[in-house]
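What follows is a set of notes on a single structure, which appears directly below.
The values are calculated or read from the model by the stated rules, or taken from the named source; none is laboratory data. Please read all numbers here as calculations on a predicted model, not as lab measurements. Methodologically, a virtual Cβ is constructed for each residue, glycine included, from the backbone with ideal geometry; neighbour enumeration extends over all protein chains shown.
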Amino acid sequence: MATDITPEVIEKHGITPEEYARIEGILGRAPNLTELGVFSVMWSEHCSYKNSKPELRKFPTEGDRVLVKAGEENAGVIDIGDGWAVAFKMESHNHPSAIEPFQGAATGVGGIIRDIFTMGARPVFSMNSLRFGDIRGEAGATNRRLFAGVVSGIAHYGNCIGIPTIGGEVYFDDSYAGNPLVNVFCLGILRHEEIARGAASGVGNPVFYVGAETGRDGLAGAAFASRDLTEESKEDRPAVQVGDPFREKLLLEACLELLASGCVAGIQDMGAAGLTCSTCETASRGGTGVEIDTELVPKRETGMTPYEILLSESQERMLVIVKKGQEATVREIFEKWDLPYAEVGEVKDDGFMRVKEGGRTVVEIPAKQLADDAPIYVRDAAPKPLPHPSDTATLLENIASPDKPALEAALISLLSHPSIASKRWVWRQYDHMVRLGAAVLPGSDAAVFYVREADKFLAATTDCNAIYCLQDPREGAKIAVAEAARNLACSGAVPIAVTDNLNFGNPHRPENFLQLRESVEGLAEACRRFETPVTGGNVSLYNQSPAGAIDPTPTVGMVGLIAKAAHITTQAFKDPGDVIFLLGGLGHEIGASHYLLAVHGQKKGAPPALDYDKEIALHDALRAVIRMGLIKSAHDCSEGGLAVALAECSISSDVVQGAKVRIPASSERTDVILFNESQSRALISVGAKNAAAVEALLSWRGIDVLRLGSVTKDPTLEIEVAGLTISWDAQDLKSSWGDTIGDLMAGFSGN
Amino acid sequence: MAKVVVTVIPKPSVLDPQGAATAEAMKHSGLTGVGRVRVGKSIEIEFDEAPDRAKLEEVARDLLSNPVIEDYRIEG
Amino acid sequence: MAKVVVTVIPKPSVLDPQGAATAEAMKHSGLTGVGRVRVGKSIEIEFDEAPDRAKLEEVARDLLSNPVIEDYRIEG
Amino acid sequence: MKVAVIRFPGSNCDQDCVLALRSFEGVEADFVWHKDTSLEGFDAVILPGGFSYGDYLRCGAIARFSPIMAAVKTFAAAGGPVIGICNGFQILCEAGLLPGALVRNKGLHFICEHVGVRMERHGTKFTSAGLTGGILRIPVAHGEGCYFADEDTLRQLRANDQILLRYCDEQGRTTAAANPNGSCDNIAGITNKARNVFGLMPHPERACGALLGSTDGRVIFESLIHGN
Ligand SMILES: Nc1ncnc2c1ncn2[C@@H]1O[C@H](COP(=O)(O)OP(=O)(O)O)[C@@H](O)[C@H]1O
Ligand SMILES: [Mg+2]
């Protein structure tokens, strides 16, 4: 295509005049249109992190267990002992899901799974972290449609490929209306010696293309993901890709078989920016060059130009660099799995990414500069906003202290708030039992998965309270990490590493960039304190709907190890007569709480403050009593505070348990006592015979221990506080909590 | 009583794995000359009275199909 | 190049929850007079040459549809 | 006993079945690739769950044309025991080895959860180790598990005691509420007339170890292994 490179064309590619000058500098000439396209995707935020790299560098990435660091490869790799390792990562598919929820979410799952098996790991489980606008009422119809579509898209892809989806989170808030967040996590298992590299090593080695034929899918999707979501984006038709989980299943099995056969020199998935990204990244990592011929690429459509072929985002494709002489084995394996494949080029020594169409050279760019010399921008951050009030008096100024009926109603409103209500409607649609590893099913603090091949128990969770992050991004981010670690501790696990997904608005707006920076610094600091290096993740900026930027959402995915099956602990109360303890005190911080949001419709105040020493002491204490086999359940206090945590303990398993508790006198208002969200707190239940021992042990460890009462046969939750005795029928609580989402979603099948 | 059939079919440019799989299977069962196959939905709607055409058009576009990946046609 | 459309529709006796849900949704989006709705498949097949009719019948009956639950018709 | 676990492209419970089978004394379990054509030397065959050929067109519709299916038919015709689990059940129906069909769940959603199923013993190879009326807690995981057959077929199934598993509540009542997918007659599993081909939607292989919350699935494999 001899379109000449006008300023308009350059701008249409999202390339600034400065960037264009830089391109001419690198090439020593003007780029042709195809080359311009290649630069535009490689230098988009999605691929180059040009707006976030300086921030990402703040993350701790070192650690005794780290085998492959963040950024080195598609995903980090972490040692779990006995020669085994895990590769895991989180990725976002926010914008595609806004346009076509089912396929957008499905292809997101496909993408993260490829990132994992590209490392030579067998994917063993997935999780997902989702955000939508409010799904209630007339106004919620669009959000319900998006929610239903995203969930069935994730189910469709994950269930079909046979990788269990064992956990995740879903929050609803109107800041996400029209711009849902779809962050998907996948973890794979491998032997240390099985780590595969995405490098084009070995000059003269043939380069194979395998997987789905290339079509005009998602042209410029990477660029698309790096722009604001506007009304026009709905017209961005080509950006929608359709996933084929069946193909991916064949690709997954074939690639693992191929890697095991020892004939692979390098391997790289084709994610965003497809063929472009994979050729130039492998060349750049290998310090070599790669030459491919677009005429050899398997195609789904006729008349495709090199530009279209290079920028296509067709799914379920991989680039494999094969050790010369072993081509036959490769062909045999791909044919066994009925996969389209072709030898499309070879590794060169000249450092160029060179693309030919037949004989004619259409792209010739120094690979390293293309991959690594994207401009880096340090955007201006707005000056720090004034801190929000944190003192109870100011926050509750116009809120009368509730009487008994009001307190009864408040707990119901909290439990039936979609963000707190049971997510069974979601995880019931996910096959979470395939592969026979789900030792703790969805619905407890963390998912626990038994990796049979390695004989290891892994615990995993995703967390982020975006209201906290909105009110104070740094503190909110710290709490996201702390809560993840707390969830793992409650399950009996020791955290080993973190992946994160940074979801923010347009970074050109100083207030958004401030949120990004503050969040990253908060995450980084907390990850250092909890000794969980960041193994990788993803940045999604430009999450704006016409209504404005989303609440800042730095999602944390954390993985931990559980030493023995016997240590696996869940949140639900087990037996009548067991004694209930609250660890970490009654707390008092009501700012940014779900009580203010769900009951009084206010997002305001400073989030609770995190005290690392207190938090870490709690985790160590929890693990200690768990290892001693002294406790029967553990659950952390988060959204909705003590009262919601108590209710969840009694209703979150099939067998509903009652509880009778008495809260010691306190100077705080009853609503503050019941619903404050002060951090570093957990509820545990203990067999009567061990109660004294546990109490002594924990206090000796300096934990603030309160004996609240006991689990009861009679299915009633009874709380005595400040002279009031409030009681709820546990079955009623269970239905307000358990049926809310199903009822709201009645009639929405998602596909 | 009117009967209307809305056919929803994946856009030509959009990947249709189901269509591809079906084409393969048809070839294997010995049918020759099979080219491209696309699998879509056929939605048969009975109406008590003749439907409001404009409304029907709107429903076919916004509810029964997804304009981002599918085309539709209304018969009857 | 011939084009054939095979339409596969659930038998009246088979329950069609998707059809029922679709009917509901159509009513909610303000389309009046909607009666029974059934959702089936529309399979569009391109042939390089005119297909062997007998074989096509067979394929439509044994592969494209399942006689236990579905009826089919061939057009074009 | 030597059991063949067939691997279709898109099978994803194949490993799980082999794992479960190997947890039994004296059982050998091996994969058989769908492109193979012989079941020589096997005493039983399992068609595992998954999404064979992506479940495109209809669940099991394409898999039934796999080369191995001819061998499965011969094996079944000769009286060899064949079990189809979930997608395997769908394939057996599509292949005409079992009557009826499996259609989309009444609630339209994919469902993954433990359900109760009541076992009708009827002295078959697949339930002999259990008790008539015994209640098993076994997971289901399917989007198209609603069993359908016309009235005659259902009448015959009842008349010949071919219905081996029905969805039920804790008390063993086969109520509508206990029916997760709208199956006719709460049917969760059936055999052919000859009683050597068994199809079921629940996943017994997922209920063979305490770690996973239930061992109720073992009775089905025990029956298969120890015969009747
Ligand atoms: N938020 C983040 N924190 C740490 N590392 C990140 C983050 N975002 C991206 N990375 C790392 O940058 C590299 C490139 O990210 P990405 O483009 O998402 O990978 P891919 O090309 O596989 O999509 C990856 O190694 C990823 O882990
Ligand atoms: Mg990648």
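At-a-glance table
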item: Qualifying positions in region C:40-51 - assigned to a loop (DSSP other than H, G, I, E, B) and either crowded, with 18+ Cβ neighbours inside 10 Å or within 7 Å of another protein chain (Cβ to nearest Cβ) (or both); result: C:ASP48, C:GLU49, C:PRO51
item: Extreme residue, surrounded by the fewest Cβ atoms within 10 Å (Cβ to Cβ), among residues of region A:111-157 that are more than 16 Å from ligand 2 (Cβ to nearest atom) and either at the interface with chain D (Cβ under 10 Å from one of its Cβ atoms) or among the acidic types (Asp, Glu) (or both); result: A:GLU138
item: Matching entry among C:GLY30, C:GLY19 (being within 7 Å of another protein chain (Cβ to nearest Cβ) and either farther than 24 Å from B:ARG38 by Cα or not charged (D, E, K, R) (or both)); result: C:GLY30
item: Hits in region D:15-26 (condition: surrounded by fewer than 24 Cβ atoms within 10 Å (Cβ to Cβ) and under 24 Å from A:ILE161 (Cα atoms)); result: D:GLN15, D:VAL18, D:LEU19, D:LEU21, D:ARG22
item: Every residue from region A:517-568 that is away from ligand 2 (no atom under 16 Å from the Cβ), β-branched (Val, Ile, Thr) and away from chain D (no Cβ under 14 Å); result: A:VAL520, A:THR532, A:VAL534, A:ILE550, A:THR553, A:THR555, A:VAL556, A:VAL559
item: Selection count where residues are more than 16 Å from ligand 2 (Cβ to nearest atom) and more than 23 Å from A:GLU518 (Cα to Cα), scope region A:58-82; result: 10
item: Condition check for A:ALA647: among the hydrophobic types (A, V, I, L, M, F, W, C) and either surrounded by fewer than 23 Cβ atoms within 10 Å (Cβ to Cβ) or outside any strand (DSSP E or B) (or both); result: yes
item: Only listed residue being buried (at least 18 other Cβ atoms within 10 Å of the Cβ) and free of Cβ contacts under 8 Å to residues at least 40 places away in the same chain, chosen from A:LEU436, A:LEU415; result: A:LEU436
item: Selection count where residues are among the hydroxyl-bearing types (Ser, Thr, Tyr) and farther than 19 Å from D:PHE89 by Cβ, scope region D:19-55; result: 3
item: Index of the failed condition, A:TYR377 passing every other in (1) modelled with pLDDT under 95; (2) more than 30 Å from A:LEU219 (Cα to Cα); result: (2)
item: From the options A:GLY262, A:GLY243, A:GLY274, residue that is of a type outside the set (A, V, I, L, M, F, W, C), closer than 26 Å to A:TRP43 by Cα and more than 15 Å from ligand 1 (Cβ to nearest atom); result: A:GLY243
item: Single match in A:VAL170, A:VAL184 (criterion: surrounded by fewer than 23 Cβ atoms within 10 Å (Cβ to Cβ) and either within 14 Å of chain D (Cβ to nearest Cβ) or under 13 Å from the mean Cα position of the chain (by Cα) (or both)); result: A:VAL170
item: Identity of the residue in region A:29-49, among the aromatic types (Phe, Trp, Tyr) and either assigned to a helix (DSSP H, G or I) or within 14 Å of ligand 2 (Cβ to nearest atom) (or both), that ends up modelled with the lowest pLDDT; result: A:TYR49
item: Single match in D:ALA101, D:ALA159, D:ALA129 (criterion: in contact (Cβ under 8 Å) with a residue 60 or more places away in the chain, more than 20 Å from A:GLY162 (Cβ to Cβ) and away from chain A (no Cβ under 14 Å)); result: D:ALA129
item: Filter result for the condition that a residue is surrounded by 19 or more Cβ atoms within 10 Å (Cβ to Cβ) and more than 8 Å from every other protein chain (Cβ to nearest Cβ), over B:VAL14, B:VAL37, B:VAL6; result: B:VAL6
item: Candidates A:ALA260, A:ALA254, A:ALA239, filtered to the one that is modelled with pLDDT under 95 and either away from ligand 2 (no atom under 16 Å from the Cβ) or closer than 25 Å to A:GLY37 by Cβ (or both); result: A:ALA239
item: Residue list for region B:53-71, filter: over 28 Å from A:GLY243 (Cα atoms) and at the interface with another protein chain (Cβ under 7 Å from one of its Cβ atoms); result: B:LYS55, B:LEU56
item: Only one of A:PRO245, A:PRO298, A:PRO306 that is within 14 Å of chain D (Cβ to nearest Cβ) and not small (Gly, Ala, Ser); result: A:PRO245
item: Pair list, Cβ under 7 Å, 6 or more apart: region D:5-19 residue within 9 Å of chain A (Cβ to nearest Cβ) and at pLDDT below 95, other residue surrounded by fewer than 24 Cβ atoms within 10 Å (Cβ to Cβ) and in a helix (DSSP H, G or I); result: none
item: Looking only at region A:268-295, and only at residues there that are more than 13 Å from ligand 2 (Cβ to nearest atom) and among the acidic types (Asp, Glu), the one that is farthest from the other protein chains (Cβ to nearest Cβ); result: A:GLU291
item: Qualifying residue in region A:545-552 (condition: part of a loop (DSSP other than H, G, I, E, B), touching a residue at least 12 places away in the same chain (Cβ under 8 Å), under 22 Å from A:ALA484 (Cα atoms) and not β-branched (Val, Ile, Thr)); result: yes
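For every residue, the table says whether it meets (1) within 14 Å of another protein chain (Cβ to nearest Cβ); (2) assigned to a loop (DSSP other than H, G, I, E, B); (3) away from ligand 1 (no atom under 11 Å from the Cβ).
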residue: A:GLU55; (1), (2), (3): no, no, no
residue: A:ASP64; (1), (2), (3): no, yes, yes
residue: A:GLY71; (1), (2), (3): no, yes, no
residue: A:LYS89; (1), (2), (3): no, no, no
residue: A:PHE102; (1), (2), (3): yes, no, yes
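Rundown of residues vs (1) within 17 Å of the chain's Cα centre (by Cα); (2) among the hydrophobic types (A, V, I, L, M, F, W, C), yes/no style:
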{"site": "A:SER416", "(1), (2)": "no, no"}
{"site": "A:TYR430", "(1), (2)": "yes, no"}
{"site": "A:PHE449", "(1), (2)": "no, yes"}
{"site": "A:TYR468", "(1), (2)": "no, no"}
{"site": "A:ARG474", "(1), (2)": "no, no"}
{"site": "A:SER491", "(1), (2)": "no, no"}
{"site": "A:THR499", "(1), (2)": "yes, no"}
{"site": "A:LEU502", "(1), (2)": "yes, yes"}
